[in-house]
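Worksheet for the structure shown next.
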């Protein structure tokens with residue numbers, strides 16, 4: 001049933017992209033967290049409390065809801081689990097936003113600069129078309145890791161572990177609830193970091209460090225998926241020299257690997273350069289990046305379903 005939930009989540013993402021913002025669990029979580037973003041007498045302590053409690057709350061709500069639904073009807077529990085995973089992971093919206101920005105770099109650079117902040121948090125006013133495409137490609141790699149592989153990977157590992165350890169294999173509630181809770185917890189950690197984890201916000205120290213820890217494996221797994229999806233496994237090895245260039249200990253891995261796959265230079269001006277090639281991405285390069293990202297996401301779903309079915313059988 002966990003494998004079926006993964007397929008349901010992937011199908012919902014392909015059909016719907018995102019739940020409406022007014023009912024999106026991540027948006028609701030963001031509104032719950034927003035009061036934390038203020039001045040505190042002891043900001044680091046407040047950040048530690050937020051990092052400990054908010055993801056636990058998100059995971060607990062997901063666990064309780066799925067466990068209750070599965071106790072009434074296992075199929076209902078599986079459906080709700082798929083909905084939880086769908087709400088915590090996103091690929092279609094990422095691809096659509098990047099595709100739009102890349103297309104605009106060829107026809108309306110000002111429009112491309114205006115649409116870029118939806119993908120990458122940087123000042124786009126002075127960026128060239130190549131630099132805008134670079135930011136879009138970087139965002140594809142980083143958000144594939146943060147917004148798709150990380151929650152899906154947590155879901156898979158928790159579901160597989162619960163499937164092995166569950167005292168009663170015939171009762172799916174614990175397995176489904178554990179998988180859903182893990183995905184919700186990881187998504188909450190990432191959302192906290194995106195809201196608070198900036199150097200300018202002392203309260204964000206703990207959320208940022210927790211996100212660094214949680215994303216260590218997903219970022220490197222995503223780099224591997226990107227290299228394999230492109231048929232260039234050696235790109236992962238070549239990317240090691242650039243992977244530590246960004247300030248983040250994790251985001252450089254999928255970004256540098258994608259730069260090597262494409263043979264392009266990815267750059268955040270004044271911050272880092274990922275020298276996979278001599279020039280910034282062309283529109284054709286960025287379009288290829290879209291295809292590699294989509295294929296890597298499909299491969300992640302296939303691996304998840306395979307692992308969960310193997311445990312079940």
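The values are calculated or read from the model by the stated rules, or taken from the named source; none is laboratory data. Model, not experiment: these values are computed from the prediction. Please note: Cβ atoms are built from the backbone with ideal geometry, for glycine as well, and neighbour counts cover all protein chains shown.
The sole residue among 220, 265, 240, 244 that is without any contact (Cβ under 8 Å) to a residue 60 or more places away in the chain and surrounded by 15 or more Cβ atoms within 10 Å (Cβ to Cβ) is 220. The single residue among 256, 243 that is farther than 26 Å from residue 159 by Cα and assigned to a loop (DSSP other than H, G, I, E, B) turns out to be 243.
Put simply, of 99, 103 the only residue that is in a helix (DSSP H, G or I) and surrounded by fewer than 16 Cβ atoms within 10 Å (Cβ to Cβ) is 99. Each residue in the range 270-287 was checked for being more than 19 Å from residue 104 (Cβ to Cβ) and either modelled with pLDDT of 90 or more or crowded, with 17+ Cβ neighbours inside 10 Å (or both), and 6 of them qualify.
Matching residues to (1) out of contact with any helix residue (DSSP H, G or I) (no Cβ under 7 Å at 6 or more places or on another chain); (2) touching a residue at least 12 places away in the same chain (Cβ under 8 Å); (3) more than 22 Å from residue 176 (Cβ to Cβ); (4) in a helix (DSSP H, G or I):
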site: 8; (1), (2), (3), (4): no, yes, no, yes
site: 21; (1), (2), (3), (4): no, no, yes, no
site: 26; (1), (2), (3), (4): no, yes, no, yes
site: 48; (1), (2), (3), (4): no, yes, yes, yes
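Of the set (1) in contact (Cβ under 8 Å) with a residue 60 or more places away in the chain; (2) over 16 Å from the mean Cα position of the chain (by Cα); (3) within 22 Å of residue 91 (Cβ to Cβ), all apply to residue 132 but (1). Based on what the data block shows, is residue 235 at pLDDT 95 or above, buried (at least 18 other Cβ atoms within 10 Å of the Cβ) and closer than 19 Å to residue 286 by Cα? Answer is no for this residue.
The condition of being assigned to a helix (DSSP H, G or I) and under 15 Å from residue 190 (Cβ atoms) holds for only one of 111, 145, that being 145. Within the range 149-178, if we keep just the residues that are modelled with pLDDT of 95 or more and surrounded by 24 or more Cβ atoms within 10 Å (Cβ to Cβ), the residue that is nearest to residue 249 (Cα to Cα) turns out to be 150. Against the criterion of being modelled with pLDDT under 90, more than 20 Å from residue 207 (Cβ to Cβ) and either out of contact with any strand residue (DSSP E or B) (no Cβ under 7 Å at 6 or more places or on another chain) or exposed (fewer than 15 other Cβ atoms within 10 Å of the Cβ) (or both), residue 130 does not qualify. Within the range 247-254, identify whether any single residue is in contact with a strand residue (DSSP E or B) (Cβ under 8 Å, 6 or more places away or on another chain) and buried (at least 18 other Cβ atoms within 10 Å of the Cβ), and answer yes or no. Checking the range 247-254: at least one residue is in contact with a strand residue (DSSP E or B) (Cβ under 8 Å, 6 or more places away or on another chain) and buried (at least 18 other Cβ atoms within 10 Å of the Cβ). Would you confirm whether any residue within the range 291-298 is at pLDDT 95 or above, surrounded by fewer than 16 Cβ atoms within 10 Å (Cβ to Cβ) and more than 24 Å from residue 104 (Cβ to Cβ)? Scanning the range 291-298 turns up at least one residue that is at pLDDT 95 or above, surrounded by fewer than 16 Cβ atoms within 10 Å (Cβ to Cβ) and more than 24 Å from residue 104 (Cβ to Cβ). Annotation: residue 58 fulfils all but one of (1) in contact with a helix residue (DSSP H, G or I) (Cβ under 6 Å, 6 or more places away or on another chain); (2) over 21 Å from residue 152 (Cβ atoms); (3) in contact (Cβ under 8 Å) with a residue 12 or more places away in the chain; the unmet one is (2). Quick check on residue 242: is it modelled with pLDDT under 90 and touching a strand residue (DSSP E or B) at 6+ places or on another chain (Cβ under 7 Å)? The answer is no for residue 242. Consider the range 189-206 and keep the residues that are touching a helix residue (DSSP H, G or I) at 6+ places or on another chain (Cβ under 6 Å) and assigned to a loop (DSSP other than H, G, I, E, B). The one that is farthest from residue 47 (Cα to Cα) is 198.
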